[in-house]
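The structure under discussion appears below in the form of structure tokens.
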Amino acid sequence: MLGDYPLKGRRASEIAAHIEQGVSSGLLAPGTALPPLRDLAAELGVNPNTVAAAYRLLRDRGVIETAGRKGSRILPRPALTPRDQIRIPVPPYARDLSDGNPDPALLPDLGPALAAAAEAAHAEPVLYGHPVGDPVLLALARASFEADGLPGGPIAVASGALDAIERLLGARLRPGDAVAVEDPGWGSLFDLLPAMGLKCLPFRLDDEGPLPDSLAAALAEGARAVVITSRAQNPTGAAVTAGRAERLRSVLAGHPGVLLIEDDHGRGMVDQPYHPLVGAGSRHWAVVRSPAKAYGPDLRVSVAVGDAETIGRVTGRLRLGAGWVSHLLQRTVAELWRADAAPAERVAAAYRARRDALLGELAARGIEAHGESGLNVWVPVPDETSALAALVQRGWVAAPGARYRIQSPPGLRFTVARLESAQARELAEDLAAVLGAGGDGSRLV
């Protein structure tokens, strides 16, 4: 069970420290089964309650998972380098379609908004004890949420979508709990969960969003929370439709205690309508929106509306740590939101035209691809490594699907934010040559 790593210790803290040392050194690999409580207690000559306390410490630290009669196992070590920072080198002759960034030419001029934020700060300086949320930003966010039919609730301000998601999960879950996640899905979320001591339970999706039966299976396995991307899903571009939202609400209604988090980071750069998943039975929920894709990744601001208890925990914990998100950033985003109506339509139209150009060229060559919304197109392939290498030789760098997959089939992600029509045709021709004239026949789901 533990091979050549005999466990030691008389106290719970000593036993836990010895196991953690084995994990850190690599002598105890992920998936290694730990001895049953009574067996280890007998081996060490201690009370079973002492071993139980040690295992509880390790579970709370995210080192092990416990599954009742199935016993306890070592969890994968938290990622020290986020997977989106491990990049394929881009040769000088190649075009980089792997970064997931918006087109800088479609980002707004921040000068007027920053100037307005500075003027507001001069008129009323933000000092200790000031409310954590900028009133203009909160009012605009509330109007946006209400216009989309969401229930009323308090609003929290965080430093980006992932920060908000982390704070929401931390408010309701404890190490060892499981979170249902999209597969393929957001690699940064896959890195975050084990770092928090949480487990991923994958569910599948298609162009209309999560597959209800697959989500139901993940929830039945004991997921305590679920994270669903409303639009511009990364990496597939899926967007939840009205019909799919209705079916998903029905599934979620059977699990009212599960924390539902909707990530709507696509607002402002997509033209699909938002269809909320929050239903009458949802006790704990939140919808997160951020301006990173529409206005620029350096605007580290997000807003989240949700039930009073969950949002109250988030804002209370924020007060004890970071305190608040800079009001200069909050007011800058507020000024951009207040001025942005027609520009958002123009940006969404531009990204749709670029996606459609590549999707059309791929379809004409018999290649399956997905990109209903957002900045990316997902192309299933039989083998990621060989396809990536062959594309690099032809002057294209894509993102390997392994960054975004848990159990789903292989694929490549292409960021099309700056892809011109002529380039789309050239890319499709090269991809067809790499995959074979008829495509590979693999499926997203």
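In segment 175-185, what count of residues is obtained for those that are out of contact with any helix residue (DSSP H, G or I) (no Cβ under 7 Å at 6 or more places or on another chain) and of a type outside the set (Asp, Glu)?
Count: 1.
Take the residues in segment 249-298 that are of a type in the set (Phe, Trp, Tyr) and modelled with pLDDT of 95 or more; name whichever of them is nearest to the chain's Cα centre (by Cα).
TRP285
Being closer than 24 Å to LEU173 by Cα, basic (Lys, Arg) and out of contact with any Ser or Thr (no Cβ under 8 Å at 6 or more places or on another chain), is that true of even one residue in segment 22-43?
No, that holds for no residue.
I need the full set of residues from segment 182-197 which are farther than 18 Å from ALA399 by Cβ and either buried (at least 24 other Cβ atoms within 10 Å of the Cβ) or basic (Lys, Arg) (or both), in order please.
Scanning segment 182-197 gives a single hit, LEU193.
Residues ALA238, ALA322, ALA232: which one is over 21 Å from the mean Cα position of the chain (by Cα), assigned to a loop (DSSP other than H, G, I, E, B) and touching a residue at least 24 places away in the same chain (Cβ under 8 Å)?
From the options ALA238, ALA322, ALA232, the qualifying one is ALA322.
Quick check: anything in segment 255-265 farther than 22 Å from ARG167 by Cβ, among the hydrophobic types (A, V, I, L, M, F, W, C), crowded, with 24+ Cβ neighbours inside 10 Å and in contact with a helix residue (DSSP H, G or I) (Cβ under 8 Å, 6 or more places away or on another chain)?
no
Between ALA304, ALA349, ALA292, ALA357, which is within 21 Å of ALA239 (Cα to Cα) and touching a Ser or Thr at 6+ places or on another chain (Cβ under 6 Å)?
ALA357
Results for (1) free of Cβ contacts under 8 Å to residues at least 24 places away in the same chain; (2) of a type outside the set (A, V, I, L, M, F, W, C), shown as yes or no for each residue.
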position: ALA116; (1), (2): no, no
position: ALA123; (1), (2): yes, no
position: GLY129; (1), (2): yes, yes
position: VAL136; (1), (2): no, no
position: ALA147; (1), (2): yes, no
position: PRO151; (1), (2): no, yes
position: ALA164; (1), (2): no, no
position: LEU168; (1), (2): no, no
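In segment 394-408, is there at least one residue being more than 28 Å from the chain's Cα centre (by Cα) and modelled with pLDDT of 95 or more?
yes
Which of (1) buried (at least 19 other Cβ atoms within 10 Å of the Cβ); (2) out of contact with any strand residue (DSSP E or B) (no Cβ under 7 Å at 6 or more places or on another chain) does ASN234 not meet, given it meets every other one?
(2)
For the structure I just gave you, tell me whether GLY237 is at pLDDT below 95 and either under 16 Å from PRO202 (Cα atoms) or assigned by TED's automatic domain parsing to the domain that holds ALA308 (or both).
no
For segment 65-98, how many residues are part of a helix (DSSP H, G or I) and modelled with pLDDT of 90 or more?
0
If you scan segment 36-64, which residues turn out to be part of a loop (DSSP other than H, G, I, E, B), under 21 Å from GLY197 (Cβ atoms) and either touching a His at 6+ places or on another chain (Cβ under 9 Å) or not β-branched (Val, Ile, Thr) (or both)?
Selection gives ARG61, GLY62.
The values are calculated or read from the model by the stated rules, or taken from the named source; none is laboratory data. Keep in mind that this is a model prediction, so the values were computed, not measured. Cβ atoms come from the backbone with ideal geometry, glycine included; neighbour counts cover every protein chain shown.
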